[in-house]
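What follows is one structure encoded as structure tokens, with my remarks underneath.
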Amino acid sequence: MTEKGKRITVLTMNTLAFTVCFASWMMNGVLITFLVDNGIYDWNKVEMGWLFGIPVLSGALLRLPIGILTDKYGGRVVYAVVMILAAIPMYLMSVVDSYWAFFFASLGFGLAGASFAVGIAYTSVWFDKEHQGTALGIFGAGNAGAALTSMFAPQLLASLTDGGNNLDGWRTLPIIYSISLVVMTAIFLLFTYYKRADDSHIKSFSDRLEPLRRVRVWRFGLYYFLVFGGFVALAQWLIPYYVNAYSMTVATAGFMAAIFSFPSGVVRAFGGYLSDKWGARKVMYLVLGTCLVASVLLIVPQMDIESPGKGVMSSKSGTVTAVDDSEISVDGVSYSLITRNGETLTDEERRTGVLVWPRSGRWQEPVVKVGDQVRKKQLLARGVTHIYFQANVWIFTALVFVIGFMMGIGKAAVYKHIPDYFPRDIGVVGGIVGVLGGLGGFFFPILFGYMLESTGIWTTSWMFFALLSAVCLWWMHSVIQKMLRKEAPKVATDIEHSRG
């Protein structure tokens with residue numbers, strides 16, 4: 001087979017293997033929910049949260065050592081070992097029957113999430129610099145495995161349990177996933193070829209870790225913390241968000257969440273193409289700027305509130321001689337009131353209307369009665385402002401889709417940076433960047449839960465994303481400005497003093 005044919009075959013196998021691994025990595029979100037909802041196990045929300053997060057955590061933490069092993073031994077061997085080792089605890093999950101057994105089985109098959117570090121390094125060595133962005137983007141489209149599990153695993157569980165008549169049938173699901181990993185390993189070994197990065201410059205283990213001393217690596221990690229960690233977190237968080245904020249069923253909420261997660265995974269290939277064509281830095285400006293704007297627009301929560309407004313005060317002391325809805329008189333001095341003219345919105349609009357913009361109404365209500373003695377500057381009528389904002393679900397979903405789309409592009413752009421700056425250390429750098437991204441996926445839902453608990457407002461998650469996007473954007477722009485002043489001080493000075 002020609003070198004080009006080998007490249008295409010390896011990329012195809014890498015992407016398929018990553019899709020299977022990512023689908024397996026996300027299995028707990030569906031399975032644990034099913035087991036608790038059907039009363040098979042009586043775990044509380046905290047215990048469920050840990051079982052959701054443990055595979056994500058172990059998969060994230062293992063990316064660095066797996067990346068190092070890939071640089072040393074090559075992606076073909078390491079990828080196969082990762083899938084086989086992940087298949088063992090995946091299979092054992094079919095026979096466990098206690099919380100801690102589930103915990104440790106989940107911890108073991110979380111290794112499937114570390115496959116990303118292998119695939120990034122193994123893909124990179126087959127492609128030149130000009131095409132690495134596109135290739136890595138295509139490989140990263142395997143993120144869509146999360147959406148495949150979200151959409152099809154519930155139907156598979158329903159079939160395996162005969163619609164709930166044979167609940168013990170759930171045990172077949174982990175077996176199916178473990179068999180999928182083994183079969184994928186066999187196909188992978190059959191159609192891939194050995195190749196690894198040149199590590200002749202590595203003399204010791206400390207040499208291999210040397211890139212981690214560079215601040216640039218951690219900056220890339222922060223970008224990935226946002227775009228990948230945010231993707232993994234929102235893929236889980238949006239389901240309870242829709243259920244609680246928009247009163248949807250779990251099934252409908254899962255479909256709406258898939259509108260976010262599926263495109264975010266698939267579009268990664270497009271992000272790689274854009275990174276090759278425009279440059280990863282320009283793409284990151286687009287990604288971070290769009291995420292910031294969309295998150296700010298999502299911050300405003302649903303609201304139906306009455307707030308104090310502009311009142312009416314007496315201009316002099318005296319006795320109240322007349323009071324009605326439109327006017328108050330004090331010793332012959334009349335004060336006009338803003339009257340309430342109907343409702344801010346009708347019951348029909350509240351129930352079925354598609355309201356894009358906030359609705360507001362204001363009026364003034366007397367707080368005095370005839371015969372009262374009032375002083376100068378005393379309040380005669382209080383102001384009332386009523387604000388209603390629907391936070392329309394379709395507009396919300398459209399903005400969430402935009403964020404997911406940009407996160408998908410951003411994931412490819414981040415990894416386009418790595419072979420550009422660290423061509424001989426892709427495994428270790430890609431590993432630590434992947435660790436930070438995975439940690440975001442683990443910690444974000446926990447953080448969102450605490451913010452929701454303390455404020456009672458679901459949109460606090462978007463406040464966090466807006467802040468993190470702004471920090472990433474500021475850091476990236478600051479570094480670019482610093483590089484410009486260092487490499488081309490005259491150009492930087494001319495730009496600063498230009499009248500254009």
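Does segment 92-99 include one or more residues that are touching a Lys or Arg at 6+ places or on another chain (Cβ under 8 Å), touching a residue at least 12 places away in the same chain (Cβ under 8 Å) and either in a helix (DSSP H, G or I) or acidic (Asp, Glu) (or both)?
Initial filter on segment 92-99 (touching a Lys or Arg at 6+ places or on another chain (Cβ under 8 Å)): 94-95.
Next, from what is left, pick out any that are touching a residue at least 12 places away in the same chain (Cβ under 8 Å): 94-95.
From the residues that got through so far, the ones that are either in a helix (DSSP H, G or I) or acidic (Asp, Glu) (or both) too are none.
Checking segment 92-99: not a single residue is touching a Lys or Arg at 6+ places or on another chain (Cβ under 8 Å), touching a residue at least 12 places away in the same chain (Cβ under 8 Å) and either in a helix (DSSP H, G or I) or acidic (Asp, Glu) (or both).
Of the numbered conditions (1) touching a Ser or Thr at 6+ places or on another chain (Cβ under 9 Å); (2) within 21 Å of PHE444 (Cβ to Cβ), LEU62 satisfies every one except a single condition; which is it?
Here LEU62 meets the rest and fails (1).
Considering each of TRP126, TRP170 in turn, give the residue that is in the same structural domain as ALA251 (by TED's automatic domain parsing), in contact (Cβ under 8 Å) with a residue 12 or more places away in the chain and not in a helix (DSSP H, G or I). Walk me through it before giving the result.
Details: TRP170 fails: not in a helix (DSSP H, G or I).
Criteria check complete, one pass: TRP126.
Using beta carbons and a limit of 7 Å, which pairs, at least six apart or on different chains, have the first residue in segment 274-286 and under 8 Å from LYS416 (Cβ atoms) and the second one modelled with pLDDT under 90 and among the β-branched types (Val, Ile, Thr)?
Within 7 Å, the pairs are ASP276/THR134.
Within segment 260-270, track down each residue that is touching a helix residue (DSSP H, G or I) at 6+ places or on another chain (Cβ under 6 Å), assigned to a helix (DSSP H, G or I) and hydrophobic (A, V, I, L, M, F, W, C).
PHE260, PHE262, VAL266, ALA269
Would you say PRO301 is assigned to a loop (DSSP other than H, G, I, E, B) and in contact (Cβ under 8 Å) with a residue 40 or more places away in the chain?
Working: assigned to a loop (DSSP other than H, G, I, E, B): yes; in contact (Cβ under 8 Å) with a residue 40 or more places away in the chain: yes.
When the stated conditions are applied, PRO301 passes them.
Does THR346 satisfy being at pLDDT below 90, touching an Asp or Glu at 6+ places or on another chain (Cβ under 9 Å) and surrounded by fewer than 16 Cβ atoms within 10 Å (Cβ to Cβ)?
Numbers: at pLDDT below 90: yes; touching an Asp or Glu at 6+ places or on another chain (Cβ under 9 Å): no; surrounded by fewer than 16 Cβ atoms within 10 Å (Cβ to Cβ): yes.
No; evaluated as a whole, the condition is false for this residue.
Against the conditions (1) within 22 Å of GLN236 (Cβ to Cβ); (2) surrounded by fewer than 20 Cβ atoms within 10 Å (Cβ to Cβ), where does VAL77 fall short? Just the number, please.
Answer for VAL77: the failing condition is (1).
Among the listed residues SER159, SER150, identify the single one that is among the small types (Gly, Ala, Ser) and without any contact (Cβ under 8 Å) to a residue 40 or more places away in the chain. Lay out the reasoning, then the answer.
On the way: SER150 fails: without any contact (Cβ under 8 Å) to a residue 40 or more places away in the chain.
So the residue among SER159, SER150 that is among the small types (Gly, Ala, Ser) and without any contact (Cβ under 8 Å) to a residue 40 or more places away in the chain is SER159.
Pick out the one residue from THR15, THR70 that is touching a helix residue (DSSP H, G or I) at 6+ places or on another chain (Cβ under 6 Å), touching a residue at least 40 places away in the same chain (Cβ under 8 Å) and more than 30 Å from GLY254 (Cα to Cα). Steps first, please.
Values: THR15 fails: more than 30 Å from GLY254 (Cα to Cα).
Going through THR15, THR70 in turn, the sole match is THR70.
Within segment 98-132, how many residues are in contact with a Leu (Cβ under 8 Å, 6 or more places away or on another chain), over 26 Å from TRP50 (Cβ atoms) and not hydrophobic (A, V, I, L, M, F, W, C)?
Count: 2.
Of everything in segment 369-379, what is farther than 11 Å from GLY318 by Cβ and in contact (Cβ under 8 Å) with a residue 60 or more places away in the chain? Give them in sequence order.
Just the residues of segment 369-379 that are farther than 11 Å from GLY318 by Cβ, to begin with: 369-371, 377, 379.
Answer for segment 369-379, where residues must be farther than 11 Å from GLY318 by Cβ and in contact (Cβ under 8 Å) with a residue 60 or more places away in the chain: LYS377, LEU379.
Which one is nearest to the chain's Cα centre (by Cα), of the residues in segment 357-408 that are in a strand (DSSP E or B) and of a type in the set (Lys, Arg)? If you could, list the steps in order and put the result at the bottom.
Narrowing segment 357-408 to residues in a strand (DSSP E or B): 359-366, 373-374, 379-389.
Going one step further and asking which of them are of a type in the set (Lys, Arg), we end up with 359, 362, 382.
Details: ARG359: 30, ARG362: 39, ARG382: 44 Å.
Of everything passing the filter in segment 357-408, ARG359 is nearest to the chain's Cα centre (by Cα).
Among the numbered criteria (1) modelled with pLDDT of 90 or more; (2) on the phi > 0 side of the Ramachandran plot, which one does SER334 miss?
All conditions are met except number (2).
Quick check: is even one residue across segment 393-410 among the hydroxyl-bearing types (Ser, Thr, Tyr), touching a residue at least 24 places away in the same chain (Cβ under 8 Å), over 20 Å from SER295 (Cβ atoms) and in the same structural domain as ALA233 (by TED's automatic domain parsing)? Explain how you work it out, then say what you get.
From segment 393-410, those among the hydroxyl-bearing types (Ser, Thr, Tyr) are 397; that's our starting set.
Subset that is touching a residue at least 24 places away in the same chain (Cβ under 8 Å): 397.
Filter once more, keeping what is over 20 Å from SER295 (Cβ atoms): none.
No; the residues of segment 393-410 include none that is among the hydroxyl-bearing types (Ser, Thr, Tyr), touching a residue at least 24 places away in the same chain (Cβ under 8 Å), over 20 Å from SER295 (Cβ atoms) and in the same structural domain as ALA233 (by TED's automatic domain parsing).
Among what's in segment 427-455 and is β-branched (Val, Ile, Thr) and over 13 Å from VAL118 (Cα atoms), pick the residue that is farthest from the chain's Cα centre (by Cα). Step through it out loud before you land on a result.
Applying the first criterion (β-branched (Val, Ile, Thr)) to segment 427-455 yields 428-429, 432-433, 435, 446, 455.
With the extra rule that they be over 13 Å from VAL118 (Cα atoms), the set shrinks to 446, 455.
Numbers: ILE446: 13, THR455: 20 Å.
Top of the filtered list is THR455.
Looking at LEU64 and the list (1) surrounded by 20 or more Cβ atoms within 10 Å (Cβ to Cβ); (2) touching a Pro at 6+ places or on another chain (Cβ under 8 Å), which single condition is not satisfied?
Exception for LEU64: condition (2).
The values are calculated or read from the model by the stated rules, or taken from the named source; none is laboratory data. Just so it is clear, the model here is predicted, and its values are computed rather than measured. Virtual Cβ from ideal backbone geometry, glycine too; neighbours counted across all protein chains shown.
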